[in-house]
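The structure appears below as C-alpha cells.
The values are calculated or read from the model by the stated rules, or taken from the named source; none is laboratory data. Worth saying up front: this structure is predicted, and the values here are computed from it rather than measured. FYI the Cβ positions are ideal-geometry reconstructions off the backbone, even for glycines, and counts take in every protein chain you see. Side chains included, ligands, DNA and RNA excluded: accessible areas come from the protein's heavy atoms. Shrake-Rupley method; radii C 1.70, N 1.55, O 1.52, S 1.80 Å.
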Amino acid sequence: MTKTFLKAQGTSIVDAQGKPVLLKGVNFGGWLMMEAYFLFAPSLPQQIFEKEFAKQCGLKALDELMQKFRDNFITEADVKQVASWGMNCIRLPFHYKVGADHHALSYLDKAIAWGEKHKVYLILDLHAAYGAQNPDWHSDSLNGKAGLWTKKSNRRKTYELWEKLADRYKDEPIIAGYDVLNEAVLQDNDLLNEFYLDAIKAIRRSDKNHLLFIEGQHWAQQIDVLDDFDDDNWVYSIHYYEPMEFTFNLIPFISYPWAECNKDTLRRRMEGYFRFAQKKQRPVHVGEFGVNYRQGLYNENVYLQDELKAFNDCGFHWNYWTYKAVKNHMFPDGIYGYYPNSPWVHRQGPKSGWDCWGQLWAEHKDEMIASWRTKAFDLNTHVIGALKKAV
C-alpha cells in the first residue's frame with residue numbers, strides 16, 4: 001500500500017499520482033460501538049446494557065466481557081476476508097469511549113495495522129459522540145436525548161477527541177479519512193455547520209492530510225444544508241436505506257420492485273445527489289446502505305443489485321451495512337449471520353440478546369465468546385454475490 005494519502009480532487013478521490021480511487025467495502029458495525037439489534041437485543045443504548053450487566057456481575061466482569069467481545073467479534077482474519085472479496089475499504093464505527101480510553105484505543109491501532117497488512121483502507125467513523133448526536137440507541141442516546149447539541153461541553157469534548165485522534169493517526173495513509181460525525185439529527189442547521197467548522201479546525205491543527213467525510217442532516221440524508229467549508233479535502237457522505245418499510249422489513253412481505261421503489265426511483269434519487277455534488281465539485285460516499293435479508297424471497301438481492309448499479313453509475317464510493325450480525329427479523333443485517341438460538345440470543349424472549357448475558361456470563365462465557373467469532377456465522381452468498389459483482 002502506498003505511503004501517500006488519498007485526496008479529494010473535484011468529484012473524485014485520487015491517489016498520489018492523481019489516479020481515481022473508488023472506495024468500496026463494508027462497515028465493521030457492532031464491534032467498537034455495540035448496537036443492540038446486532039446481538040438480538042431490544043433497541044436500547046449500549047450504556048444501559050453496560051449498567052445492567054455491571055449491576056449483575058460487577059465492573060470487573062464488564063471489563064472482561066468488553067475485552068473478550070472486542071478480541072473476538074472482529075479479528076485480522078476478517079480484514080483479510082474483506083480484502084479477498086476484492087474490496088478496498090472498511091468503515092469502522094467507534095464509540096467516543098473507545099477513542100478516550102487508552103486500552104480500547106488499541107483496537108483502532110490493531111485495525112489500522114491489519115488494514116496496512118492486507119491493503120484495505122479504513123474510514124474512522126465517530127458513531128457515538130459525547131452526549132449523543134441523535135435521539136436513537138445507535139448513538140448511545142439516553143432517553144432519546146441528543147445532548148451533543150444542548151451542551152457546549154459535549155461539543156468541546158468531541159473536538160478534543162478528534163484533535164487527539166488526528167494527532168495520533170496523522171501519519172497513517174491506510175486511513176482513507178475521518179467520518180467526523182455519524183447521522184446528526186437536530187433542528188438547527190447553523191449549529192450543525194458550526195460544529196463541523198470547529199471539528200475541522202481541531203483535526204487540521206495536526207492533520208493536514210486525511211480526507212474528511214462530512215455527513216448531512218437528518219441521518220445523513222440532507223447534504224444541501226451543509227456549508228462550503230474552507231477546506232479542500234472533504235467528501236459528502238450520505239446514508240441510503242430507502243424505503244425503510246422494505247430495507248428494514250418494517251412492513252413484512254413487501255416485494256421489490258413496486259411503483260414507489262424500483263430501479264428508476266433509485267437512480268433518480270442518486271442522480272439528485274450526483275447533480276448537487278457536481279455543482280459543488282465534491283465526491284460522494286454512501287457510508288451506509290443495506291437490507292434485511294429474507295432468503296431472497298422478496299427480491300432483496302435484486303434491490304441491492306439495482307442500488308449498487310446506481311451508485312457505480314454515479315461514481316459514488318460505498319460501504320455496505322454491515323459485515324456481521326445475529327440474524328434478526330428486522331433492520332439491515334450482515335453479510336455473515338448468526339442463526340442458532342443460543343441461550344444468549346433467546347429469540348423467543350421475554351429477555352433476548354444481551355439482556356440475557358448477565359445471568360449467563362459466569363457459566364457460559366467460553367461458549368458465548370466462541371459464538372462471537374465469524375466462523376460461527378453463516379455467509380450470505382446472495383448478498384456477497386451482489387456486492388462482489390459491483391466491486
* **Cleavage-rule hits (GluC sites (Glu not before Pro)) in the range 257-320: DSSP loop, at most 16 neighbouring Cβ within 10 angstrom** => 260
* Structure fact -> Listed by chain and number, the lysines with an alpha carbon less than 18 angstrom from that of residue 19, same-chain partners under 8 positions apart left out, are 3, 7, 119
* Structure fact -> Phi angles of the range 6-14, converted by Karplus (6.51 cos²θ - 1.76 cosθ + 1.60, θ = phi - 60°) into ³J(HN,Hα) in whole Hz with x for Gly and Pro, give 6, 9, 7, 9, x, 8, 10, 9, 10
* Hey, in the GNM for the chain with a 10 angstrom Cα cutoff, which one of 298, 159, 107 fluctuates hardest? -> 298
* Structure fact -> Note to self: with every protein chain in place and a 1.4 Å probe, the range 1-50 gives an accessible area per residue in Å² of 35 Å²
* Quick one: Debye curve from the C-alpha atoms of the range 116-231, no solvent, what's log10 I(q)/I(0) at q = 0.16, 0.22 Å⁻¹? -> -0.72, -1.27
* So what is the accessible area of the range 122-210 per residue, in Å², with the probe set to 1.4 Å? -> 38 Å²
* Asked: How much length is gained on full extension from residue 150 to residue 230, taking 0.36 nm per residue of separation minus their Cα-Cα distance?
  -> 26.2 nm
* Asked: Which entries in the list 68/152; 327/388; 152/280 go over 25 Å, if you measure between the two C-alpha atoms of each?
  -> 68/152; 152/280
* Relative contact order for the chain using alpha-carbon pairs under 8 Å, separation at least 6, rounded to a whole percent? -> 20 percent
* Structure fact -> In debye to the nearest 20, the charge dipole size for the chain, taken about the Cα centre with +1 at each Lys and Arg Cβ and -1 at each Asp and Glu Cβ, equals 600 debye
* Please figure out what share of the DSSP beta bridges in the chain is antiparallel and state it in percent, rounded to the nearest 5. => 20 percent
* Could you give the length gained on full extension between residue 268 and residue 330, defined as 0.36 nm per residue of separation minus the Cα-Cα distance, in nm? -> 19.7 nm
* Asked: So, in nm, how far is label residue 382 from label residue 168 when the simple model puts each one 7 Å beyond its Cα toward the Cβ?
  -> 4.0 nm
* To do: Heads up, I need the accessible area for residue 201: 1.4 angstrom probe, whole protein in place, Å², nearest 10.
  => 110 Å²
* Asked: Which percent of the accessible area of the chain is formed by carbon and sulfur heavy atoms (probe 1.4 angstrom)?
  -> 51 percent
* When only C-alpha pairs under 8 Å and at least 6 residues apart count, what is the relative contact order of the range 128-248, in percent? -> 22 percent
* To do: With an 8 Å cut-off on Cα pairs and a minimum separation of 6 or more residues, tell me the relative contact order of the range 303-391 in percent.
  => 30 percent
